[in-house]
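Written out below as structure tokens is the structure these notes cover.
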Amino acid sequence: MDNYYSWFKVLHIFAVISWMVGLLYLPRIYVYHTRVSRDSEADKIFQLMEYRLLKIIMNPAMIMTFIFGLINAHIYGFVALGVWFHIKITAVLGLSCIHGLLAKWRKDFANGTNKHSEKFYRIINEIPAILMLVAIIMVIIKPFE
């Protein structure tokens with residue numbers, strides 16, 4: 001398995017990038033979705049875009065991120081992973097929570113029960129970027145090693 005470490009790392013990075021694209025783009029779609037009338041043509045288009053982004057790109061990418069991340073951690077050796085790794089995992093769990101909330105809010109739009117404003121989604125849109133930055137700093141800089 002050690003022979004494939006670089007390949008697993010490539011697949012992990014690919015999955016993370018794909019997941020992050022969705023985490024950064026879906027709230028932006030919600031910003032524009034708040035501006036349209038329920039059951040309008042635009043509402044139906046936004047719902048389709050949101051559904052496909054979440055189900056076809058984000059969900060599989062999140063699952064792949066976890067699978068290949070855990071494989072890499074196993075190969076690297078869990079005992080060799082320091083405080084930086086725990087902070088990174090905390091950021092990743094935060095991203096997972098945002099993912100779950102975005103999925104819930106997609107259902108709210110689909111059911112016509114969205115309660116959040118354009119401004120709310122603009123603020124939410126910044127959280128994945130901050131958590132991603134924390135994770136990247138922990139992996140590259142390893143400040144607590």
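Please treat every number below as a calculation from the coordinates, not as lab data. This is a predicted model, so every value here is computed, not measured. Don't worry about glycine lacking a Cβ; one is built from the backbone with ideal geometry, like all the others, and counts go over all protein chains shown.
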Query raised in the report: For segment 80-98, does any single residue satisfy the condition of being in a helix (DSSP H, G or I), out of contact with any Phe, Trp or Tyr (no Cβ under 8 Å at 6 or more places or on another chain) and under 28 Å from LYS44 (Cβ atoms)?
Result: yes
Query - Candidate set from segment 102-139 (those that are of a type in the set (Gly, Ala, Ser) and in a helix (DSSP H, G or I)); member that is farthest from GLU50 (Cα to Cα) - result: ALA135
Query raised in the report: Would you call ILE127 more than 14 Å from the chain's Cα centre (by Cα) and either surrounded by 11 or more Cβ atoms within 10 Å (Cβ to Cβ) or charged (D, E, K, R) (or both)?
Result: no
Query raised in the report: Across segment 95-124, what is the total count of residues that are exposed (fewer than 14 other Cβ atoms within 10 Å of the Cβ) and touching a Ser or Thr at 6+ places or on another chain (Cβ under 8 Å)?
Result: 2
Report task. Please name all residue pairs, on different chains or six or more residues apart, with Cβ atoms under 6 Å, provided the first residue is in segment 126-138 and is more than 13 Å from LEU23 (Cα to Cα) and the second residue is surrounded by 12 or more Cβ atoms within 10 Å (Cβ to Cβ). Result -> VAL134/ALA91; ALA135/LYS88; ALA135/ALA91; MET138/TRP84; MET138/ILE87; MET138/LYS88
Query raised in the report: Under 6 Å by Cβ, and 6 or more places apart or on different chains, what pairs join a residue from segment 17-35 that is not acidic (Asp, Glu) with one that is not in a helix (DSSP H, G or I)?
Result: PRO27/ASN125; ARG28/ASN125
Query raised in the report: Does HIS86 meet the test of being over 17 Å from the mean Cα position of the chain (by Cα) and crowded, with 18+ Cβ neighbours inside 10 Å?
Result: no
